[in-house]
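Written out below as structure tokens is the structure these notes cover.
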Amino acid sequence: MNNNKRAIWSWALYDWANSAYATTVMAGFFPLFFKQYWSAELPATESTFHLGVANSLSSVVIVLLAPLLGAIADRGGVRKRFLFGFASLGIAMTAGLYFISQGAWQLAATAYILATIGFAGSLIFYDALLVRVARTTEYDRVSALGFALGYLGGGLLFAFNVSMTLWPGVFGLENAAEAVRISFLTVAAWWLLFSIPLLLTVREERRRERVSSRAVVAGGFRQLAETFREVRRLRVAFLFLLAYWCYIDGVDTIVRMAVDYGLSLGFASESLILALLIVQFIGFPAALVFGWLGERYGPKLGIHIAIGVYFGVVLYAAQMTAEWEFYVLAVVIGLVQGGIQSLSRSLYARLIPADKCAEFFGFFNIMGKFAAIIGPVMVGWTSAATGNPRLSLITLLILFGLGAFFLSRVDVEEGKRLAREL
């Protein structure tokens, strides 16, 4: 296993690279541009529904493919190859958003779905490489380093892109709409450039004998069937996945729908974008603090703390009426968002066999993405059916409550023992 610092930093830089998409596109400009540019002729509730469906469809594809792709990658030792295959799809589709004309919401949604599939698919194999670059005792700190760099890198590029939209003339651009379209190109370039260190530096064990692609795929199917049987024995890992499924649904829905929710309340788009920037830059040091918390007191406690904070966030957001309250929410979310993500990844890595990490992280991503099928559609449908976006947000309390309940029953030490014995 490669444990050197250069490999760790190169691995973590992929978070810096892909977070530009999560920040500028998913959380920031795409929902805003989709509502005000590509779907300008549609009612606000209808565009919200279409955005929720787009997020959900991309998640469905990952749900269907993740376990098999993980099994094939483990079998063939080609996690990096799969990572860059999906990343290339995401990069190309993100750049393609620049060329989509006003009013073409169907085409914009299609490109967004494909880009999100590339983004989410690459993370399956990126997460799996954690066990190749770090020792078990380093999982919390290294996982947190990745998320921290992601918040910083994504925030820096997002700040630059926001500057272009606020002062397009300074950058030689015609208007804010052109600046947003250019921003999609900068995300693609950023994602590509900062993926290179992982490609060149991180090593993974390869099969010594030459194996045909057909044999690798066939072996992947066999390994997938075997893992379905093994999951029943890894009851602690399964229970954690159930908890993760619930609480990460709430987290991802807030990330993907926050801007749309603010627009529905009548808040200015500039205020919402500034709030997202606050999340990014607070998230950088906060993720590192959660990494320390996980090493000192265990990742399970840190996740419980974050869930409790999110419970308060939902209650506060459902009654807010002023834009300054959105800034308060941004600060609070920034303190816990990276922490709950990084500690979930590092806790799960303790509960699975290292030699099948990509496949088991496929199941990890299934739970996250299957949750993301339900959350955005649930919020979008409730908003459209009732005409009340505040009521749709309250439904997330159920998800956070269930997540905390199942997590409280996860015995980490037993889970580690079962993973070693498998």
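Couple of notes before you dig in:
- Selection status of Tyr139, at pLDDT below 90, touching a Ser or Thr at 6+ places or on another chain (Cβ under 6 Å), part of a helix (DSSP H, G or I) and not polar (S, T, N, Q): yes
- Qualifying residue in region 50-73 (condition: buried (at least 23 other Cβ atoms within 10 Å of the Cβ) and modelled with pLDDT of 90 or more): no
- Matching entry among Ala120, Ala111 (being touching a Gly at 6+ places or on another chain (Cβ under 6 Å) and more than 20 Å from Gly294 (Cα to Cα)): Ala111
- In region 1-14, the residues that are surrounded by fewer than 18 Cβ atoms within 10 Å (Cβ to Cβ) and modelled with pLDDT under 90 form Cβ pairs under 7 Å with partners that are charged (D, E, K, R) and in a helix (DSSP H, G or I), at six or more places apart or across chains, as follows: Met1/Arg132; Asn2/Arg132.
- Close Cβ contacts (under 6 Å, 6 or more residues apart or on different chains) running from residues in region 386-401 that are touching a residue at least 60 places away in the same chain (Cβ under 8 Å) to residues that are open to solvent by 30 Å² or more (accessible area, probe 1.4 Å) comprise Pro389/Ser264; Phe400/Phe311.
- Selection count, region 108-123, where residues are in contact (Cβ under 8 Å) with a residue 40 or more places away in the chain, of a type outside the set (Gly, Ala, Ser) and either surrounded by 23 or more Cβ atoms within 10 Å (Cβ to Cβ) or farther than 23 Å from Gly70 by Cα (or both): 4
- Filtering region 328-373 to residues that are modelled with pLDDT of 85 or more and either touching a Ser or Thr at 6+ places or on another chain (Cβ under 8 Å) or acidic (Asp, Glu) (or both) leaves Ser342, Leu343, Arg345, Ser346, Ala349, Arg350.
- Residue check, Tyr261 at pLDDT 80 or above and part of a helix (DSSP H, G or I): no
The values are calculated or read from the model by the stated rules, or taken from the named source; none is laboratory data. Computed from a predicted structure; not experimentally measured. Heads up, the Cβs are rebuilt from the backbone with ideal geometry, glycines too, and the neighbour counts pull from every protein chain shown. Please note that ligands, DNA and RNA were not included when accessible areas were found on the heavy atoms of the full protein model with its side chains. Shrake-Rupley method; radii C 1.70, N 1.55, O 1.52, S 1.80 Å.
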